[in-house]
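Note sheet for the following structure.
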Amino acid sequence: VDLLNDLRRALANRELELYYQPKVHAPSGEITGAEALMRWHHPTRGMISPAVFIPIAERFGLINPLGNWVIDEACRQARAWRDEGLRMRVAVNLSVYQLRQADLAERIGEALQRYNINPKLLTCEITESVAMEDAVETMKVFDRLAQVGVHISIDDFGTGYSSLSYLRKLPAEELKIDRSFVQDLGINEDAERVVDAVIKLAQALQLKVVAEGVETEQQYAILRALGCDELQGYLFAKPMSARTLSLWAMNDI
Ligand code: G
Ligand code: G
Ligand code: MN
Ligand code: NA
């Protein structure tokens, strides 16, 4: 495909950018951090969604170079924000192929050192389905990441098949409730009971719980009442460029 050849050149041509979507503290609405989300500015086709190009990158062996760039760029940006006086955590998404990269934890540690970032300020988001796959190997990778000191977030929670005994042993700090559950809040009573149960589970496991895809005031009110710690979604902000986020966050304070 054309897109594949274009993607091969995208990094060198500086066509990739990280957008950032704020995470906010549920009780106060204050920004606590941001999730980095890749954007591809294609020279002729315009903006291409990662939902389109990440599967291509994964299939054709390009995800590791892209993922390594994301790690470096997110750390560089975290440094820049700290230098501006913005205290924020930064989260990156890791693909299953990155977890299989033998030197992943080392690379992340090097990027943190390069920009002199406290490892606790970087969160690695790993989807529940990936985290539960190949439990023995995955646990080793999580342990290595934990040794580096980064935080681990179980992303899209509720869409995979978690073993609770395994989840309990994973060295994770955060659980993100999948947006499909959030969407049904206020519409479907089951959704509220499920989200309530997930929040209680997270609390029992001493995990911070984040809801993603919050779009309405009603969803916000329900999530706050249920004790969700942090929220992310279009109600607060869409993913935006790093510069726009600085302005947004400064205004917020
Ligand atoms: O923001 P958005 O609609 O564009 O993201 C679409 C999907 O692409 C989401 O599932 C998101 O997790 C994924 N994604 C975005 N950026 C990255 C990235 O840097 N690495 C990986 N592995 N996935 C990403
Ligand atoms: O899969 P992951 O959760 O990493 O990716 C986040 C995805 O969700 C991105 O595609 C991002 O653009 C999208 N997103 C973020 N907030 C909202 C929201 O409030 N509503 C919807 N529909 N999508 C959202
Ligand atoms: Mn994510
Ligand atoms: Na998610």
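The values are calculated or read from the model by the stated rules, or taken from the named source; none is laboratory data. As the structure is a prediction and not an experimental result, all values here were calculated from the model. Note: ideal-geometry Cβ built from the backbone for every residue, glycine included; neighbour counts use all protein chains shown.
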**Request:** Of all residues in region 115-135, count the ones that are among the charged types (D, E, K, R), in a helix (DSSP H, G or I) and away from ligand 2 (no atom under 16 Å from the Cβ).
**Result:** 1
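I'd like the residue in region 60-89 that is among the basic types (Lys, Arg), modelled with pLDDT of 95 or more and over 15 Å from the mean Cα position of the chain (by Cα) and, out of all such residues, is farthest from Glu110 (Cα to Cα).
Arg82
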**Message:** Among the residues in region 111-118, are any within 23 Å of Ala211 (Cα to Cα) and of a type in the set (D, E, K, R)?
**Reply:** no
**Message:** Would you confirm, using the coordinates I've provided, whether Ala202 is away from ligand 1 (no atom under 16 Å from the Cβ), touching a residue at least 24 places away in the same chain (Cβ under 8 Å) and out of contact with any helix residue (DSSP H, G or I) (no Cβ under 8 Å at 6 or more places or on another chain)?
**Reply:** yes
**Request:** Among residues belonging to region 162-191 that are within 16 Å of ligand 4 (Cβ to nearest atom) and hydroxyl-bearing (Ser, Thr, Tyr), point out the one that is modelled with the lowest pLDDT.
**Result:** Ser162
**Request:** Considering each of Gly29, Gly33 in turn, give the residue that is surrounded by 12 or more Cβ atoms within 10 Å (Cβ to Cβ), among the small types (Gly, Ala, Ser), at pLDDT below 95 and under 19 Å from the mean Cα position of the chain (by Cα).
**Result:** Gly29
**Asked** Out of region 71-97, which residues are buried (at least 22 other Cβ atoms within 10 Å of the Cβ), within 16 Å of ligand 4 (Cβ to nearest atom) and without any contact (Cβ under 8 Å) to a residue 60 or more places away in the chain?
**Response** Val92, Leu94
**Request:** Tell me, yes or no, whether region 158-179 has at least one residue that is crowded, with 18+ Cβ neighbours inside 10 Å, in contact with a helix residue (DSSP H, G or I) (Cβ under 6 Å, 6 or more places away or on another chain) and among the aromatic types (Phe, Trp, Tyr).
**Result:** no
**Request:** Report, by residue number, each residue of region 16-36 that is over 18 Å from Leu247 (Cα atoms) and either within 10 Å of ligand 2 (Cβ to nearest atom) or of a type in the set (S, T, N, Q) (or both).
**Result:** Ser28
**Request:** Taking the residues in region 209-238 that are surrounded by fewer than 18 Cβ atoms within 10 Å (Cβ to Cβ) and in contact (Cβ under 8 Å) with a residue 24 or more places away in the chain as candidates, determine which candidate is nearest to Ser165 (Cα to Cα).
**Result:** Gly227
**Fill in**
Scanning region 220-253 for residues that are within 28 Å of Arg168 (Cα to Cα) and polar (S, T, N, Q) gives Gln232
**Asked** Considering only residues of region 41-58 that are away from ligand 4 (no atom under 16 Å from the Cβ) and more than 13 Å from Ala10 (Cβ to Cβ), which is surrounded by the most Cβ atoms within 10 Å (Cβ to Cβ)?
**Response** Glu58
